[in-house]
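First up is the structure itself, then whatever we jot down about it.
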Amino acid sequence: MKKRSLFSVLLYVGVLALVLSLVLGLFNLGQDDLTYSQIVELFNKEQVKSFVVEEQTITLRLHNNYNGKDKLSCPLADPESFRQEMWSTIQEQTKNGVLESYDFLPQEGFSPYDLILPLLIVGAVLLLLWVLLMSRANNSGHMANFGKARTVMGVPDGKKVTFEDVAGVDEEKAELQEIVDFLKDPEKFTKIGARIPHGLLLVGPPGTGKTLLARAVAGEAGVQFLSISGSDFVEMYVGVGASRVRDLFEQAKKIAPAIIFIDEIDAVGRKRGSGLGGGHDEKEQTLNQLLVEMDGFSHNSGVIVLAATNRPDILDPALLRPGRFDRRIHIGAPDVKGREEILKVHARNKKLDAGVDLRIVARSTVGFTGADLSNLLNEAAIMAARDNRPVLTMEDLNNAMMKILAGPEKRSRVRNRRDLHVTALHEAGHAVAMYNLPTQDPVLHITIVPRGNSLGATWHVPRDDASNLTRNQMFEEIVALLGGRVAEALFIGDISVGASNDIDRASKLARDMVAHYGMCEALGTVSYLDDGEVFIGRDYQMTKRYSEQFAGTIDEQVKQLMDKAYARCAELLKKDEDKINKIIAFLLEHESMSGSQFVACMEDREIGEAELVSMFQTDEETEE
Ligand code: ADP
Ligand code: MG
Ligand code: ZN
């Protein structure tokens, strides 16, 4: 049992004991503490009309009020000696009619009646505890349904979610359409022996619509949606997580075709053997069971497992193997067009003033996720409603924006034009350098939409075989890595920390070339570093195999190489300054640029259908 629930049980018992003692205390208050001699005195004064001795209490009825009462109840430490001592008095007063009745209830050591009250109390306590725990269990999954998977069937609010409700993720939807088609008509696929993936991993930061998308797949296909959160598996006793997994898959198979959705799979799917301390074995058991279940169902069982995470890097590699979550769909923060579409989706059930331009809203919300945008519109609607206005105005949206930005964590999300310009310039620098370097891969995509902790990104075809690099390739890679920094230095005369990662990687590459691969004339074909494995440009521990005499030379040669790369990069970028400015303008307008748009720009062709608006210039005018 977890500490919390143990604690609350103790709390309940404590509260109960308090209540009981209070109740008993009330009974005690009902007793009139007469001393033994006072009782005897009452008898001697012929005041007692009747009495009952029960256990160690005597209850007296009096002829005249005593202390304002005609009925007294007081403790009697030793009823037997009381009886012996008073017996003659009792006999006498009964005879002369003073004492009308008396009773000594049998004081048996054990009577079934004695047990009833305590039993009732214990029973009530147990019942109360049980009820309390059950109600907690319903809230948080404790105690009850130990091994049952706590799942949500269908759509909780009863509303069917379809692809219509998810905007700005067209490519992702297209990819998921295949799954939808399969779930709609599994036979069509199995007949021709097509293999449909068991599992699909939705990867992306929080609020980008992973859960929504998974629901939409179920909605589109019209199948059951079993959803569970990874953390539900791990909060319980040893063995329970595994049994929940088993139960989940059993349920799904019964109602197939169905989708199992495991949210936050990283909570249960962490790399094995990486945990520290407690709860670790339990997690491994659960993960193992998940692996077994995913292997266990055949391709035509009609069950597809979707899972969501924002930390795919910490997942156990076994989860990602073929037959398990072997497909990934990346969902990033939406770009300006995506944001506009998402805003439109969430504006569907709201009345907007004619002056509201969602395009402008989309533009000023760089870095906002779908959840942020939905929240923004909702805040604005609340503001309108509070003022009893039937429609939502641009001013409401502005105010909502202010409110959201006042929250601590979002402030950094919205960046000013200047910031965006630096990022655009940085990325343009990388891209143009890459374009001009024959050994470098073509640019696939450039974006200034922040992802994770990087401000922008330039993607190119990933290098597939690191061990096959030539000296020239490595040198040109360094040049490309420096592109961002060099562009900043050349065109705004100041440099930012945004390039620190680039410079890190470039420096490691340069050091590898000089000291590891023997690619430097001054030092000869000698490897001065030793690591069993060769990973270029990565962080790893290397043992040095050189004397202090060489240490200086290595550093010097690394610096020379970097300087050479820097000069080469500057030369390339200066030549294409006009292109860089065009790319910056395009990025400030559209936030991302496709590979083909980039090539069109470099070849002085028209860039797509989009018009160029030079934000750069207007920004400079206002800033300076
Ligand atoms: P995640 O699971 O990735 O953290 P959710 O799917 O829970 O994100 O998204 C939270 C909410 O944000 C959704 O319910 C929806 O209202 C909104 N949202 C997120 N992404 C989108 C999108 N692409 N289109 C429309 N709404 C979105
Ligand atoms: Mg989610
Ligand atoms: Zn960079």
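Every read-out reported here was derived from the displayed coordinates using simple, explicitly stated rules and does not represent laboratory data. Worth saying up front: this structure is predicted, and the values here are computed from it rather than measured. Every residue, glycine among them, receives a Cβ derived from its backbone with ideal geometry; neighbour counts consider all protein chains shown.
For Lys508, give me every one of the lysines with a C-alpha distance below 29 angstrom, ignoring sequence neighbours fewer than eight places off in its own chain.
Straight-distance partners of Lys508: Lys271, Lys544, Lys559, Lys564, Lys574, Lys575.
Between Leu132 and Lys350, what's the calculated FRET efficiency when r is the beta-carbon distance and R0 is 56 Å? Round to 0.05.
With R0 = 56 Å, the Cβ-Cβ based efficiency is 0.85.
I need the peptides 316-325, 189-198 ranked by packing, meaning the mean over residues of other C-beta atoms within 10 angstrom, with the highest value on top. Please report the intermediate quantities before stating the final value.
Details: 316-325: 17.3, 189-198: 13.6.
Answer by packing, highest mean first, reads 316-325, 189-198.
Between Arg386 and Lys71, how high is the FRET efficiency from 1/(1 + (r/R0)^6) when r is the Cβ-Cβ distance and R₀ = 56 Å? Nearest 0.05.
0.30
Compute the distance from the alpha-carbon center of segment 153-216 to that of segment 480-495, in whole Å.
42
Assuming R0 = 56 Å, what is the FRET efficiency of Ser594 and Tyr12, from their Cβ-Cβ distance, to the nearest 0.05?
Efficiency computed from Cβ-Cβ geometry: 0.35.
Filter the cross-link list Lys188/Lys253; Lys184/Lys344; Lys403/Lys582; Lys160/Lys403 down to pairs whose alpha-carbon distance in this structure exceeds 27 Å. Spell out each step's value before the answer.
Working: Lys188/Lys253 19 Å; Lys184/Lys344 29 Å; Lys403/Lys582 35 Å; Lys160/Lys403 31 Å.
Long pairs (Cα-Cα over 27 Å): Lys184/Lys344; Lys403/Lys582; Lys160/Lys403.
Order of 32-38, 385-391, 328-334 by packing, highest average Cβ count within 10 Å first?
328-334, 32-38, 385-391
Kindly rank 497-509, 244-256, 476-488 from highest to lowest mean number of other beta carbons found within 10 Å of each residue.
476-488, 244-256, 497-509
Classify segment 336-406: rounded, prolate or oblate, from the alpha-carbon gyration tensor (a ≥ b ≥ c, eigenvalue square roots; a/c under 1.5 rounded; otherwise prolate if a/b is larger than b/c)?
prolate
Just to be sure I understand the model, the point goes 7 Å from the Cα along the line to the Cβ. What's the resulting Ser527 to Thr94 distance in nm?
About 11.3 nm separates the two model spin labels.
Multiply the residue gap between Glu171 and Val52 by 0.36 nm, knock off their C-alpha separation, and tell me the result in nm, one decimal place.
33.9 nm is the gain from fully extending Glu171 to Val52.
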